[in-house]
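A.B. asks: Sending over a structure as structure tokens; questions will come in a sec.
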Amino acid sequence: MRTVNLAIKRIFDFLSSSIFVIILLPVWIVIAIAIKVDSKGPVFFKQGRRTKNGRVFQMLKFRSMVVNAESMGTGLFNYENDPRVTKVGRFLRNTSLDELPQLLNIVKGDMTVVGPRPCVTYELGDFDTLNKRYKKRFEVKAGLTGLAQVKGRNDISWDDKVSFDNQYVDQFKKYGVIADIKILFESVIKVFKKENIYENKINGAMSDEDSAKAEEEEIIRIAHLPD
């Protein structure tokens, strides 16, 4: 039964993402022009992410920050009023339109529509030494949306995200694509509500940079705690 569900999931992924790429092509063109007019740099942002079994792939997004933003300020963390976010980028993030290019990742097979969000290659530290709890989320392909996104998105900690991701892994094993349908419906509602777009600082008294550094260290520490 699991093989059948995986086959249905892949067919749905390929067909739905291919159709949306074609339908939304005019939107892509408008976004691309707006990005180029608004700031210097490429239209697309490519970043190494991890999918099933920890495999690394290049995830695509519409660029919403200044070039080389990852090496500036708060790094991977994006707090509200982040100065690295461009004017057009803020709109793209608020509407989740910056995620549209990931439809191409889905067509290619690196991602799926529903699954744990793909982490940056170094976000959790060394992949090979992750504890079993943190590795479980990598039993399935990374997704455009997932249970953690509908339960809190950026408003919850990485540890909570892992709990929801692992819960999804179990749900898919038990219910198959039915679990995906429920999450997809809730995801659409979440996008329209524009909730939990920005991350919360680990300590409000800290500067953004210090908070980001402290949170990064804490995430890696918990991800490598003994089983």
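The values are calculated or read from the model by the stated rules, or taken from the named source; none is laboratory data. This one's a predicted model, so the numbers in the text were calculated from it and none came from an experiment. Cβ sites come from the backbone with ideal geometry, for glycine too, and all protein chains shown count toward neighbours.
A.B. asks: Out of the helices (runs of 4 or more DSSP H) lying entirely within segment 149-226, which hold 3 or more residues that are over 16 Å from the mean Cα position of the chain (by Cα), among the small types (Gly, Ala, Ser) and at pLDDT below 95?
C.D. replies: Once the helices (runs of 4 or more DSSP H) in segment 149-226 are filtered for at least 3 residues that are over 16 Å from the mean Cα position of the chain (by Cα), among the small types (Gly, Ala, Ser) and at pLDDT below 95, what remains is 208-223.
A.B. asks: Hey, another quick one. Across segment 129-159, what is the number of residues that are hydroxyl-bearing (Ser, Thr, Tyr) and more than 17 Å from residue 170 (Cα to Cα)?
C.D. replies: 2
A.B. asks: Test of understanding: among 165, 155, 170, 160, which residue is exposed (fewer than 15 other Cβ atoms within 10 Å of the Cβ), of a type in the set (D, E, K, R), within 22 Å of residue 55 (Cα to Cα) and without any contact (Cβ under 8 Å) to a residue 60 or more places away in the chain?
C.D. replies: Testing whether each residue is exposed (fewer than 15 other Cβ atoms within 10 Å of the Cβ), of a type in the set (D, E, K, R), within 22 Å of residue 55 (Cα to Cα) and without any contact (Cβ under 8 Å) to a residue 60 or more places away in the chain leaves just 170.
A.B. asks: Do you know which of the residues in segment 1-23 that are more than 12 Å from residue 104 (Cα to Cα) and aliphatic (A, V, I, L, M) is modelled with the lowest pLDDT?
C.D. replies: 1
A.B. asks: All but one of (1) in contact (Cβ under 8 Å) with a residue 60 or more places away in the chain; (2) surrounded by 14 or more Cβ atoms within 10 Å (Cβ to Cβ); (3) not hydrophobic (A, V, I, L, M, F, W, C) hold for residue 48; which doesn't?
C.D. replies: If we test residue 48 against (1) in contact (Cβ under 8 Å) with a residue 60 or more places away in the chain; (2) surrounded by 14 or more Cβ atoms within 10 Å (Cβ to Cβ); (3) not hydrophobic (A, V, I, L, M, F, W, C), just (2) comes out false.
A.B. asks: Sticking with this structure for a sec: Being more than 23 Å from residue 8 (Cα to Cα) and touching an Asp or Glu at 6+ places or on another chain (Cβ under 8 Å) is the requirement here; does residue 52 meet it?
C.D. replies: The answer is no for residue 52.
A.B. asks: What are the residues in segment 33-67 that are within 30 Å of residue 132 (Cβ to Cβ) and assigned to a loop (DSSP other than H, G, I, E, B), if any?
C.D. replies: 51, 55
A.B. asks: Here's another thing I want to ask about it. When you scan segment 139-151, do you find a residue that is in contact with a strand residue (DSSP E or B) (Cβ under 9 Å, 6 or more places away or on another chain), buried (at least 19 other Cβ atoms within 10 Å of the Cβ), of a type in the set (D, E, K, R) and closer than 19 Å to residue 56 by Cα, even just one?
C.D. replies: Yes, there is a match, as at least one residue in segment 139-151 is in contact with a strand residue (DSSP E or B) (Cβ under 9 Å, 6 or more places away or on another chain), buried (at least 19 other Cβ atoms within 10 Å of the Cβ), of a type in the set (D, E, K, R) and closer than 19 Å to residue 56 by Cα.
A.B. asks: Based on what the data block shows, is residue 203 touching a helix residue (DSSP H, G or I) at 6+ places or on another chain (Cβ under 6 Å), without any contact (Cβ under 8 Å) to a residue 24 or more places away in the chain and not acidic (Asp, Glu)?
C.D. replies: yes
A.B. asks: Further question on the same structure: Name the residues in segment 161-178 that are within 21 Å of residue 134 (Cβ to Cβ) and among the small types (Gly, Ala, Ser), would you?
C.D. replies: The one that is within 21 Å of residue 134 (Cβ to Cβ) and among the small types (Gly, Ala, Ser): 163.
A.B. asks: Residue by residue through segment 9-32, note down the ones that are closer than 28 Å to residue 169 by Cβ and either in contact (Cβ under 8 Å) with a residue 24 or more places away in the chain or not in a helix (DSSP H, G or I) (or both).
C.D. replies: If the condition is that a residue be closer than 28 Å to residue 169 by Cβ and either in contact (Cβ under 8 Å) with a residue 24 or more places away in the chain or not in a helix (DSSP H, G or I) (or both), then 9, 10, 12, 13, 14, 16, 17, 18, 20, 21 are the ones that fit.
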